[in-house]
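Here's the structure, in structure tokens; my notes come after.
Just so it is clear, none of the values below were taken in a lab; they were calculated from the coordinates. Bear in mind the structure is a predicted one, so any value in this text is a computation, not a measurement. Cβ: placed from backbone, ideal geometry, glycine included. Neighbour counts: every protein chain shown.
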Amino acid sequence: MAASETSPLRHADPVLLALPFAISGLGLLMIYSSSRTRLARQGMSQFYYVERQSLALVLGVIAMAVVLAIDYRRIRDMWPLVYVAVLPLLIGVLVTGRTHKGAQSWFQVGPLQFQPSEITKVAVVVAVAGYCHHHRDDLDAGRLAVGLAIAGIAMALVFLQHDLGTTLVILVCSFAVLVVAGLRPVHIGVLVLIGVTLVGAAVVTGKVAAYRVDRIVGFLDQSSGSNKTATQQTQAEYSLQESKIAIVNGGFAGEGLFKGRQTNLSYVPEQHTDFIFTVVGEELGFFGGATLIGLYGLLVWRLWRTALLSSDFFGTLLAVGVLAIFAFQIFENIGMTMGIMPITGIPLPFMSYGGSAIITSFIAIGLVANVNMRRFS
Amino acid sequence: MSDNSRVRVSIVGVVIVALFSTLLVRLWFLQSGPEDSLKVQAVLDSTSVIQTPTPRGEIKDRNGVVLVRDRASWAVTIDRDLSKRSSDKVIGQLAELLHLKIEQLRSQYLSDRQSLLQPAIVALDVSQPDRLEILQDPQNYPGVRVKALTVREYPRGSLAAQVLGYVGEVPSADLPRLKKLHYGPGDDIGLAGAEYAFESQLRGRPRRETISVDPTGAQVGEPVKIDTGAVGNSVYLTIDSNVQRAAEKALAEGILGARGLQNTDLASTGLVNFTAPAGSVVVLDAQDGSVAALASNPTYPLEDWVGGISTANYAAITNPASNFPLVNRATQGLYAPGSTFKLVTSLAMTKDRVRGIGDYYTDVGKFSVGGTTFRNAKDEQFGPVNLQQALTVSSDAYFYTVGNDFWNIWDRGDHRRGLGIQSEARDLGFGARTGIELDENDGRVPDPAWKSAYAHANYKTAKAKKENSVWYPGDNILSAVGQGDVVVTPLQLANAYAAFANGGTLWRPHIEDHVVDARGKVVATTKAKAIRHLTFDPNVSATILAGLQGSVDQSKGTANAAFQGFPFNLFPIAGKTGTAQVNGKGDTSLFAAIFTANGKQYVAVAVVEQAGFGAQTAAPIVRNIIESMTGQHPGIVHVIDANNNPHD
């Protein structure tokens, strides 16, 4: 893909394309820091996770290149195909998938695990955006219902895998796309009302009245699991406590790379995956944490900017959807480690260990960069 | 793009700016809150010591053959504080993952041979994929940990099991005493055999790190002080693994063979075979007291102790029905020596001039005194015999009368000379521990003082105490033939024969040859230590030796049936059978032999419980070992049927 005179690459956004690499690099360092002592104690290579994550990065970059090569308007016109393609994966994982960390959402592919719910997020955004683009001028109640159904079916299948976090991500990004697509204020009001009522009902009817709102979500997550409500409850509390201690320990300047106490003692569960931000917080301090949040801010700004620059409505909706995915995941994940959001298994984009999430993130950025660089053609 | 859309995208932007600002503010408050930081800082003032065991030293035989060594093993442990339901679930999941039986895992988990303060070790040698599965899925395996252990490994299997012994967790009762040596709960310590005897050499020095800790006990920063510790030294034993293997093989075959022999003592009650439940063998270098082999049967799998023995396995090897395989019968077993004790009586009677080597005694098959008749085995009559012949044919009557003569001297008031058999026995090491590094028993040489003390301790009335205190002629007569209250360990018997063989030095038997440190430098060498030196009249020694040689190579010799076809011209042997009667049980079969192999003089002793005449079981076992040590490549042990006319 040489940048010839006619190539759309001339208009590519270098900031948008460079940021994933910068954040992923930091992510590798943090994964190494959080897992090396634990792996060594278990008699394994200290680079076990780093190596696997690096492999996922390479696959992600290849996937992004492929996405960039295809004009996003062809993807736009194929949206039903994109959507229908992920449904068998979601159903298949329910039938044959492996249970992992309470969620039955993985395919075992040789030594690798593949988690279809990750790519579903992007597929739903493409589908809802494609559908709304098609009916861009008359999004009445009936059309809205179809749009909701597109998101709803995918959400239901993901929720059946006990993966509440991803369900919420799909909910938020579909909602964002629908809002920007022209959802009428009255419909927005009705949808918000339905949501509030559902949450309220859970509080009022359940034994959970005494719990804080963040724990309600936690409660739902656990009761949707099969048999370990009590242990997971204490597990969540424990995770949160250790996570906060780690971040508090960091202070302004951090304890220094590879010197985090909580990190080296492996006190934070799932630290290389969902709680990766605690490593940044502890070892690199406020300085490092704020820098990372700043990098994400930059990324989100470039996505937002693309939404405005897009030459067509689909491009705007696609960028908004991807923007919503990233913004929500970043806020939920970092917020969770600092105790202002409930604990759900949502990865921090480009940082958390996890191949499906990394590849999906690259594809999502690739789609938006695609919209961006083809804005004049 | 419509203005409406533009507005809506802008609203999304505003929401996002708000969210990111929230994150930054929250991060700022968490990380710059002065109280929280102070809280963490204030607690960094206590220290604690982390101790890691260093690899334990190896145990090798005299030629450097490794008998015990350490190897790394990845173990799976389960925490102790799990509820029954959780532990059941976890055990089930582990059984599936590791392809082990649920009962096996549960038995390990519940084993009371493991410290209750430490997570229970349930599986060893867990592969990396399995470890990874557990590590990646902590919520599916609550309370399960993976831990690197060093465990004992036995390249030669259970060879010399009772000599080597085993390691296990420090018994809690010993913890206070061992604390200053830095033993903690769950630490390994030698519990038996060489592992126990040479603990201080084998253990090395554990690595100790002094660290700062916070209130949760978590380490803060780098260790304050590090003692790197030292790997344990390796101990070379005097045991020769080839001889040991030959001895264990011969013993096991002899025992099996004896169980196929009919016990003619019980012929009246029907056809009954010997039970031969147990036995032992000692092979001792007569020139310095170093032990070449110590075999004890039944034995046990050393492997069972690795990583903490399971309750089931421990119950199995301590069950009386399995005849106490943990006991080293060669050093701890107590047996009436029977006629093998006639060596002592022979030396005593010549030294105290009770009977000369050339004096003839006419054996009529029995001897009566004070209304009691003492009979030869099978009531055999040997006619006139001198000392040499009496030993060859093992004339009991000859030695009964020697015992009686001694008693008369004692009775006349010459207590020193009258107790000549007893003092000779003590000089030859009977009645006292030999001083070997392993657990052993004293044995007993009965005399009037012992009998009186025993009676006073065990009888209630003054009358009974007095009556049972009397030193009767029968006491001395039975002692003279190694019966009555005389009991010895097989090692004591071998050591006494070694002292006779080497011309009078009673060595302290030992199994430690030398000790080398981790760099291979010899740090200690065991020197042969003499317990005492005895003086034998050369003529007497020659006569006794001739008598003992006759017992194997002459047709009248008691052990001759067991040595048919043996090349005595190439490998001269002197030996003595013993057949000790035991109340209510079959006879103990004993044999002691003096021989030369590879230019060294050895004594070999075999003792088999409830296995008939000495010549039937013990002598064939010793023959097999001698053949093996002299390069004759023996087949299996051929025990001797009673109809083949062995006697004594």
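Within 10 Å of each Cβ in peptide B:128-139, how many partner chain Cβ atoms are there on average? Round it to a whole number, please. Working shown, then result.
Details: counts 5, 1, 0, 3, 4, 0, 1, 8, 5, 4, 4, 10.
Counting other chains' Cβ atoms within 10 Å and averaging over B:128-139 gives 4.
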For region B:279-334 and region A:74-93, write down the distance between their C-alpha centroids in whole Å. 71
Using a 10 Å cut-off around each Cβ, can you sort A:114, A:275 from fewest to most neighbouring Cβ atoms? A:114, A:275
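Relative contact order of chain B: what whole-number percent is it, with Cα pairs under 8 angstrom and at least 6 residues apart?
Numbers: 1421 pairs, mean separation 93.8, N = 648.
Computed over chain B, the figure is 14 percent.
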Tell me which residues come under 5 Å, amide H to amide H, from residue B:300 once H is placed; ignore anything under 5 positions away on its chain. none
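If you count, for every residue in A:247-260, the Cβ atoms of partner chains within 10 Å of its Cβ, what is the mean? Can you show the working numbers first?
Details: counts 5, 9, 6, 4, 8, 4, 1, 1, 1, 0, 0, 0, 2, 0.
Rounded to a whole number, the mean comes out at 3.
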Net charge near residue B:406: determine it from the other residues with C-beta under 14 Å of the C-beta of residue B:406, scoring Lys and Arg +1 and Asp and Glu -1. 0
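For region A:123-177, which chymotrypsin sites (Phe, Trp or Tyr not before Pro) are in a loop by DSSP, counting at most 16 other Cβ atoms within 10 Å?
On the way: sites: A:131, A:159, A:175; in loops: none.
Qualifying residues, ordered by number: none.
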Which residue, B:535, B:494, B:523, has the largest displacement toward the positive end of the dipole of region B:470-556 when charges sit on each Cβ (Lys, Arg +1; Asp, Glu -1)? B:523
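For the ranges A:303-310, A:29-36, what's the packing order if you count other beta-carbon atoms within 10 Å of each residue, average per peptide, and put the highest first?
On the way: A:303-310: 22.5, A:29-36: 24.0.
Result, highest mean Cβ count within 10 Å first: A:29-36, A:303-310.
Per residue of B:12-22, what is the mean number of Cβ atoms on other protein chains within 10 angstrom of that residue's Cβ? Mind dumping the intermediate values first?
On the way: counts 9, 10, 0, 4, 13, 5, 1, 8, 10, 2, 6.
Average neighbour count from other chains, rounded to a whole number: 6.
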Any idea what angle helix B:241-258 forms with the longest principal axis of chain B, computed on alpha-carbon atoms, 0 to 90 degrees, nearest 10? 60
Helix B:618-629 vs. chain B, principal-axis angle (Cα, 0 to 90°, nearest 10): 70
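At a 10 Å Cβ-Cβ cut-off, how would you order A:341, B:629, fewest neighbours first?
Values: A:341 19, B:629 25.
Sorted ascending by nearby Cβ count, the order is A:341, B:629.
Where Lys and Arg each count +1 and Asp and Glu each count -1, what net charge lies around residue B:617 among other residues with Cβ under 12 Å from its Cβ? Let's see the in-between values first.
Details: positive: B:259, B:623; negative: B:253, B:587, B:609, B:641.
Cβ neighbours under 12 Å give a net charge of -2.
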Derived scalar couplings ³J(HN,Hα) [region B:319-325; Karplus, 6.51 cos²θ - 1.76 cosθ + 1.60; whole Hz; x for Gly, Pro]: 5, x, 5, 8, 6, 6, x
Using the Kirkwood formula on alpha carbons, the hydrodynamic radius of chain B in angstrom works out to 28.7
Amide hydrogen neighbours beyond the local backbone of residue B:524, cut-off 5 Å, H modeled: B:515
Would you mind calculating the relative contact order of region B:370-496 from Cα pairs under 8 angstrom and at least 6 residues apart, reporting the percent as a whole number? 27
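Residue B:459: net charge of surrounding residues, Cβ under 11 Å, Lys/Arg +1, Asp/Glu -1, itself excluded? Each step should come with its number before you reach the end.
On the way: positive: B:460, B:463, B:465, B:466; negative: B:467.
Neighbourhood net charge equals +3.
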Can you put B:402, B:126, B:65, A:268 in order of Cβ neighbours within 10 angstrom, beginning with the fewest? B:65, B:126, B:402, A:268
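Using just the helices of chain B, give the 222 nm mean residue ellipticity in deg cm²/dmol: DSSP H runs with n ≥ 4 each add -39,500 (n - 2.57), and the total is spread over all residues, rounded to 500. Could the numbers behind the result be given before it?
Numbers: 23 runs with 230 residues, N = 648.
That comes out to -10500 deg cm²/dmol.
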For region A:122-169 and region B:341-396, what is the separation of their Cα centres, given in Å? 111
Long-range amide H partners of residue B:359, meaning residues 5 or more apart or on another chain whose placed amide H is closer than 5 Å, are B:387
